[in-house]
1. Only one residue in B:Gly212, B:Gly199 is out of contact with any Asp or Glu (no Cβ under 9 Å at 6 or more places or on another chain) and either aromatic (Phe, Trp, Tyr) or surrounded by fewer than 24 Cβ atoms within 10 Å (Cβ to Cβ) (or both), so which one is that?
2. Scan segment B:529-587 residue by residue and report those that are free of Cβ contacts under 8 Å to residues at least 60 places away in the same chain, touching a helix residue (DSSP H, G or I) at 6+ places or on another chain (Cβ under 8 Å) and among the aliphatic types (A, V, I, L, M).
3. Among the residues of segment B:523-549, what is the count of those that are open to solvent by 10 Å² or more (accessible area, probe 1.4 Å) and β-branched (Val, Ile, Thr)?
4. Considering only residues that are over 25 Å from B:Ala47 (Cα atoms) and in a helix (DSSP H, G or I), look in segment A:134-149 and name the one that is nearest to the other protein chains (Cβ to nearest Cβ).
5. Can you tell me which residue among B:Arg121, B:Arg20 is within 11 Å of another protein chain (Cβ to nearest Cβ), open to solvent by 10 Å² or more (accessible area, probe 1.4 Å) and in a helix (DSSP H, G or I)?
6. Spot the failing condition for B:Phe64; the list is (1) open to solvent by less than 10 Å² (accessible area, probe 1.4 Å); (2) within 16 Å of ligand 3 (Cβ to nearest atom); (3) not aliphatic (A, V, I, L, M), and only one is missed.
7. Here is a check on your reading of the model: is A:Gly160 within 10 Å of ligand 2 (Cβ to nearest atom), open to solvent by less than 10 Å² (accessible area, probe 1.4 Å) and within 14 Å of another protein chain (Cβ to nearest Cβ)?
8. So how many residues does segment A:74-107 have that are in a strand (DSSP E or B) and open to solvent by less than 20 Å² (accessible area, probe 1.4 Å)?
Amino acid sequence: MNLTLKVWRQNNAQAKGQFETHQVVASEHMSFLEMLDVLNETLISEKKSPVVFAHDCREGICGTCNLVINGRAHGPQKGTTVCQLHMRAFKDGDTIVVEPWRAAAFPVIKDLMVDRSSLDKIIQAGGYISVNTGQAQDANDIPIGKDVASQAFDAATCIGCGACVAACPNGSAMLFTSAKVAHLGLLPQGEVEAEARVQSMVNQMDEEGFGMCSNTGACEAECPKEISISNIAMLNRQYMASVLGSKTGV
Amino acid sequence: MKLDAKEPAGELDEKWTKYRSTMNLVAPNNKRRIDIIVVGTGLAGAAAAATLGELGYNVKAFTFHDSPRRAHSIAAQGGINAAKNYQNDGDSVYRLFYDTIKGGDYRSRESNVHRLAEVSRNIIDQCVAQGVPFAREYGGLLANRSFGGVQVSRTFYARGQTGQQLLLGAYQSLSRQIALGNVEMYNRHEMLDLVKIDGKARGIIARNLLTGKLEKFAAHCVVLATGGYGNVFYLSTNAMTSNVTASWRAVRKGALMANPCYTQIHPTCIPVSGDYQSKLTLMSESLRNDGRVWVPKKVEDAKAIQQGKKTGLDIPEADRDYYLERRYPAFGNLVPRDVASRAAKVACDEGKGVAPTGLAVFLDFASAFERYGKSKALSAGINNPDKATITKLGKEVIEEKYGNLFQMYEKISGENPYEYPMKIYPAVHYTMGGLWVDYNLETNVPGLFALGEANFSDHGANRLGASALMQGLADGYFVIPYTIGQFLSQEIRTEKIETSAPEFEVALKETKAQLQKLIDIKGNQSVESFHKRLGKIMWDYCGMARNAEGLKKGRQMIRELRAEFWKDVFVPGTADEFNTELEKAGRVADFMELGETMILDALDRNESCGGHFREEYTENGEAKRNDEDYTYVAAWEWDDNEPIVHKEALTFKNVELKTRSYK
Ligand SMILES: Cc1cc2nc3c(=O)[nH]c(=O)nc-3n(C[C@H](O)[C@H](O)[C@H](O)COP(=O)(O)OP(=O)(O)OC[C@H]3O[C@@H](n4cnc5c(N)ncnc54)[C@H](O)[C@@H]3O)c2cc1C
Ligand code: SF4
Ligand code: FES
């Protein structure tokens, strides 16, 4: 298939970026990223600099890949990361626009690659259970109902890609943050610190420059792991409880 | 060089406990003065960095990824073993030890493997306490499944995402230590050299990938947890950026590479579909519980399928060769990974492959649909169901069990595996070889330690399913925090190591010169094209089956490729900027030297064992070990012209060496 690609090129965070147009011949069996590999091999053979894009596992699990394709984070296919997207989803003759995540908290590094260390900072603020190695009791000492475990698991499958932020008109990281708050807060091991956790993670989120959540639901729609927006409701409940119950108040 | 494994004295099952309780300790006030560098933050590295931070050491952790959460460990699917015996099915530390030794075809060290089995139980406790959402039964207790041809259910799992959940657990613990200031985290920093002072590992040179700047980091010791080197084959199930550079630069500084030829080739991966292909995807081993592997009996039929004139459905039962069931009636489709992989290769070499490339076999669920369909119809009270109803019900059962895998298969191949039999082919998956380490996980370079897939320690010539996650976490959480004290307790009087030492400047200059050299070649071929060619040589001559003649030819070809690379590679841009092509170029250069060493190791080992199959050493078509002459670890010292092998003899006091038979 013959395709026209309009690819975002930008040298660094300060530089002004622009679209560059390329023609690519692809096969429908290729993944989207393999199609970009083909483009890059051509660019290199012409002694030009290849398009920089982030990727690693190419299996939809590491959360590294991040492209906005024709205006949609991770492209047109529901529940699919861009590395799992195949060219079958496109037609011969299509024009495809490829851009990086665009959000205040994700500055562009180069071309299609952005800096998502702000997400790490949110986890560092409290996205863990405070247990040192060697302090644990036997794994079966605390039974956890299958339903609760399964609900916690659903939240825990977040891959930290940031598509929710890119999709959100406010650039909010609520879905990401709530997924971790819910995962840990649902489990008896994580419940103990739940109030402190939700407060510091939410504060950190604000500090990193993510926007406010106004319940547009765009995050859930574009999340490749289909993380449920109900996690945000859970976060809000925990947050309110922590604020009302807190001795210092707000 | 004499290789001293430093195994503690005493009975096998007491070695670790006794050693641990009598080893030298570093007092808390001294820990605060000691710096440790941990390179790699996958399962092994993140676990180690977090735990060492908790203990009070000053830790600097490095990853070339943009975050510790992205390491290749995240992709592990199936599960993690532990000798918990929660199922009361006769599991024990000894049984896990024994299965691992036997599975490794008697080419690993007894004392290390026993320790692994012992600490496996603590890992599960630790992970549950961190909030890892393992699968559970209705009663709320942990669930297990069986895996990899062993007879007990000892595998803990988190759906098909066990690696992800374990890594996130370790990442979260690491994040906590970062927040507490005990670990300084350096993302997007790639270690490019090891710095030694007076023979001891005292620091690294790392490149800040965003700026291209080379930076010096000093510490009292260095821990490498930088993963495996399966990508030397170009195509593998490993993540795209997994590479050997950290280990290899250590080898160039005198560390030894042990058993590099032991490669695990996984039988059930989605086949290669074209030249553009960048990586291969694993289909979990669990599918072989219900799928039957076959190829057409007649080459004409295979040809027709390859050309798209027929599909698997057009081949009548009588014309199908269920070759695993035929060759291995006792284990059938459930033979171990190495055996299943080689049998698929034999079938395709005979011209019976079923993909356009000729390199694929069928994994067929039709009889599972029927079997499950019938029993489901029965339990639903449907009398005399017709064939269509049975198949429909059967497909539902299979969907419940493997829905996500079937979906992934369809996304990648574009073919519906409920309608047409799946096509699979073996692919490189894991490397048992790695840096040589003693019982303390210390390499032959004092103060340099290696953990996880980067070392060679526990899996011998073949790794059992669900044992890599166990080993990485054992090393990181429960072994290195103790054994590192053996070295560090001798260092409490050592002043802070400073990067102003001349050794750092020398290493920095050398690294800079090498990067500049790559840029200056300004040749005509891309880095990727060299990597692809290297991969093909490795796969053709040092892949699933090897022979002396091919290995010699392969070595020659690699040497020529290396020479061509250093003359004609093209790396765009400069060394002082963010430059992904330059990163890749350095990694491919190292892969070429490693590849040559792998070939030499395969040539040296005149026997077939585990993942290493030499066509000359077989009996009735099956692998034939030679215990008399080859019960040793081969540890290679790099030399540009003629690498040298050092040997550590393996002694087995607690198990009897037997032939693995699956007939
Ligand atoms: C598809 C797949 C499925 C698997 N499934 C299972 C399973 O079900 N069960 C099981 O037990 N095992 C499984 N394995 C194997 C297992 O996942 C790996 O062996 C294991 O995760 C390796 O962990 P590690 O910590 O040693 O290395 P990795 O996770 O590879 O981490 C390496 C780290 O080192 C860093 N690094 C490397 N080089 C440098 C450098 N030069 N400078 C700075 N940083 C560097 C990387 O950034 C990364 O942080 C699977 C493997 C694959 C490919
Ligand atoms: S919530 Fe979904 S979109 Fe957001 S980071 Fe997690 S996986 Fe990505
Ligand atoms: S590259 Fe890992 S999720 Fe896409």
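1. Details: B:Gly212 fails: out of contact with any Asp or Glu (no Cβ under 9 Å at 6 or more places or on another chain).
B:Gly199 is the lone residue from the list that is out of contact with any Asp or Glu (no Cβ under 9 Å at 6 or more places or on another chain) and either aromatic (Phe, Trp, Tyr) or surrounded by fewer than 24 Cβ atoms within 10 Å (Cβ to Cβ) (or both).
2. Within segment B:529-587, B:Ile537, B:Leu551, B:Met557, B:Ile558, B:Leu561, B:Val569, B:Val571 qualify.
3. 1
4. A:Lys146
5. The conditions single out B:Arg121.
6. (1)
7. Against the criterion (within 10 Å of ligand 2 (Cβ to nearest atom), open to solvent by less than 10 Å² (accessible area, probe 1.4 Å) and within 14 Å of another protein chain (Cβ to nearest Cβ)), A:Gly160 qualifies.
8. 3
The values are calculated or read from the model by the stated rules, or taken from the named source; none is laboratory data. None of these values were measured; they are calculated from a predicted model. Every residue, glycine among them, receives a Cβ derived from its backbone with ideal geometry; neighbour counts consider all protein chains shown. Please note that ligands, DNA and RNA were not included when accessible areas were found on the heavy atoms of the full protein model with its side chains. Shrake-Rupley method; radii C 1.70, N 1.55, O 1.52, S 1.80 Å.
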